[in-house]
Amino acid sequence: MEKQELKGKEIKLMKGNEALAEAAIRAGLDAYFGYPITPQSEVMEYLTENIPLRRGLVLQAESEVASINMVYGAAGAGARVMTSSSSPGMSLMQEGISYIASAQLPCLLVNVMRGGPGLGTIQPSQGDYFQAVKGGGHGDYKLFTLAPSTVQEMVDFVFEGFKMAEKYRVPAMLLADGALGQMMEKVELPAEGQFPHVIPDWATTGKKEGRKQNVITSLFIQPEKMEQINLDLQAKYKAMEIEVKSESINTEDADLILVAFGLVARICMKAAELAREKGIKVGVIRPITLFPFPTEVLNTTADRVKKFLVVEMNAGQMVEDVRLSINGKADVQFYGRMGGMIPNPEEILTKLESMMK
Amino acid sequence: MEQFLINPDCMVYDNHPVTLTGEPFHYCPGCGHGVIHKVLMEVVRDLGIQEEVIGVAPVGCSVFAYHYMNVDMQEAAHGRASAVATAIKRVRPQNYVFSYQGDGDLAAIGTAETIHTVNRGENILMVFVNNAIYGMTGGQMAPTSLIGMKTATSPYGRDAASMGNPIKITELLAQLPGAYYVARHAVHTPNAVRKLTKAFKNAFEYQKLNRGTCFIEVVSNCPSGWKMSPVQSIDWIEKNMLPMFPLGDIKVPDPKTGDPVMVKNN
């Protein structure tokens, strides 16, 4: 097949999953390994159609278990690599992610969440918040976790995810939901070939004369050594705190703050608008990085605002981190929908009104 | 002093190839792993490909293979060595890639990865060490444990009706179109070691052709797990293992066409 030239900057109307896949190619993706699962199968479909004409490689593995271990192998060999899946598939990958975190390999993981538990539903959910930000697999580790709320951020956070993964040698997670994956919006795509990747000197590329062998492993059988690896990881997670990102909207004069991530944050912005029409001063804080978590901004906002409402598409997961951040300074309540149901602005408004009585 | 007292073809022991790190093996006395490591690394040295080889270590007794093999290596999760090796070879097709796994790793927990790696015809060498037992965890039943064999989890002997039959995964894999070269060897006699050396050489040579997966089973022993002396375990290989797992080529490239063909009687 004849290879196409590098794409320039473009503005397009695209579906979330396809925009993410296009962004990955433009970000210089070397390899993608995956297994089909709704609602994110378009990612691999788009890549298998486009990569042969552009650059990189894509391989449909026999399972999510194989996919994540292929990600390990390719990352260990120095490639810029990613996988994507949806909730049940991400569960299958957890063991491999733990190994990747321990071996300190950079990679991008995408979870386009669907409703669970179990086989659940293919409709959108945020039920994997805990899994994404608390580690997910065995042992003490973290993923640099980004939560897009627009199709544009599905594009931008691919670049940001690779950047952070490579800067800190950690797996990065792009935590989206089924609606973001499926909906279409206008996106601005950056030009291809602007995000160079150098093969790191620790990668397994063949032991050249004069250098020691490179080994990628997560096995440190002496407890003293294993503890040191843990301390190093924790120090790195601490250092990552400078990368924290959040968005605050109309919080200056607010009497009540809505806290939400991803798609739900946009619904909350609409709910805040409706509330202000009714004279209730509502602001919104949207965590953009879920790990590191925007503890500081929540804590300082709680010095002034005494009511917080956390809205999520789950039974209440991020609300725990909001409560830890606010540390008793304010009343933190929760409103959630589960099982693939998306809350609408009106029901959030009803809850807001009940809190202001 | 470059004078051989014995015919070089008869050499089965070379003190210290540069392709080994020199770290003493941790393996039990009489275990086949040390010999297999050494033979594999001697072949890497003889072919002059140390700088181009990337290996994948398993979970099991040989989990620390990278402590001994002086090449770039990755340590895979239990069962996933061939998936890891697949990815390495895909992103670095110019390198030689091998995986090294035991029977529990390759033929139980990693069965899906094993079959699909060979089915895709990944251009790697898969080394499969079959000693019919889980050594590292303390001698439990393996997928290749023989009928009647006593292990920590088959204390009354393996019973086919309740525990299943020993799996001949090498024969199974040879049926797949992606398999280019499939053979079963052993390391219990000097002659067997010589044949294995040749097989490893063939496998790395074939990897250059990009024609598919090379898969070499090595029937080995586990004196500790089998609760035998090393000498008894060698005898047990001859009497019990080899009738079930006969040695020799199973699928080889046709000398004329280069296409892989099944060897008769297999």
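What residue among A:137, A:118, A:262 shows peak mean-square fluctuation when chain A is described by a Gaussian network model with Cα springs under 10 Å? Result for chain A, Cα springs under 10 Å: A:118 fluctuates most.
When DSSP beta bridges are restricted to pairs lying wholly in chain A, around 30% turn out antiparallel. Candidate cross-link partners of residue B:198 among the lysines, defined by an alpha-carbon separation under 27 Å and a same-chain spacing of 8 or more, comprise A:207, A:208, B:38, B:89, B:168, B:208, B:239, B:251, B:256, B:264. In the elastic network of chain A, a GNM with C-alpha springs shorter than 10 Å, the most mobile of A:142, A:208, A:329 is A:208. Within 10 Å of the Cβ of each residue in A:79-87, the mean number of Cβ atoms contributed by other protein chains is 1. Taking amide hydrogens as placed 1.01 Å from N in the peptide plane, the amide H of residue B:69 sits under 5 Å from those of B:21, each at least 5 positions away in sequence or on another chain. List the residues of the stretch A:150-181 whose backbone N lies under 17 Å from a point placed 7 Å from the Cα of residue A:6 along the Cα-to-Cβ direction. Of the residues in the stretch A:150-181, A:159 have backbone N under 17 Å from the label point off residue A:6. Choose one answer from A:131, A:234, A:152: the residue with the largest mean-square fluctuation in a GNM of chain A with alpha-carbon springs under 10 Å. Highest fluctuation of the listed residues: A:234. Can you say what percent of the DSSP beta bridges in the stretch B:28-262, counting only those with both residues inside, are antiparallel? Round to 5. Antiparallel bridges make up about 25 percent of those DSSP assigns within the stretch B:28-262. With contributions of -39500 (n - 2.57) from each DSSP H run of at least four residues, the per-residue ellipticity at 222 nm computed over the protein assembly as shown stands at -10500 deg cm²/dmol. Over the stretch A:246-356, one equal point on each Cα, no solvent: what is log10 I(q)/I(0) by the Debye formula at q = 0.14, 0.22 Å⁻¹? Debye output, listed in q order: -0.46, -1.23. Take the Cβ atoms of residue B:254 and residue B:198, set R0 to 25 Å, and the FRET efficiency comes out at 0.90. Taking amide hydrogens as placed 1.01 Å from N in the peptide plane, the amide H of residue B:130 sits under 5 Å from those of B:218, B:219, B:220, each at least 5 positions away in sequence or on another chain. When each of A:240, A:341, A:90 is scored by the number of other beta-carbon atoms lying within 10 Å, the sequence from fewest to most is A:341, A:240, A:90.
Per-residue Cβ counts within 10 Å, from other chains only, averaged over A:209-220: what number is that?
Details: counts 2, 0, 2, 3, 10, 6, 10, 11, 9, 3, 6, 0.
Across A:209-220, the average partner-chain Cβ count within 10 Å equals 5.
Remark: C-alpha extents of the protein assembly as shown on the principal axes read 97, 58, 48 Å, sorted largest to smallest.
Sequence-ordered 3J(HN,Hα) estimates for the stretch A:13-19 from the Karplus curve with 6.51, -1.76 and 1.60 and θ = phi - 60° stand at 9, 9, 6, x, 4, 6, 4 Hz, glycine and proline given as x. Counts of other chain beta carbons within 10 angstrom of each beta carbon in peptide A:24-36 average 1.
Candidate cross-link partners of residue A:329 among the lysines, defined by an alpha-carbon separation under 28 Å and a same-chain spacing of 8 or more, comprise A:134, A:142, A:238, A:245, A:270, A:278, A:281, A:306, A:307, A:351, A:357.
The stretch between residue A:185 and residue A:347 holds 55.8 nm of extra length on full extension. This uses 0.36 nm per residue minus the Cα-Cα distance. Which loop GluC sites (Glu not before Pro) in the stretch A:239-329, with loop taken from DSSP, have no more than 14 other Cβ atoms within 10 angstrom of their Cβ? Of the GluC sites (Glu not before Pro), the ones in loops of the stretch A:239-329 whose Cβ has at most 14 other Cβ atoms within 10 Å are A:252. Taking the DSSP bridge list for the stretch A:184-300 and keeping only pairs wholly inside it, about 50 percent are antiparallel.
Values in this text are rule-based calculations from the coordinates and carry no lab data. These numbers come from a predicted model, not from an experiment. When we count neighbours, we look across all protein chains shown, and the Cβ atoms used for this are built from the backbone with ideal geometry, even at glycine.
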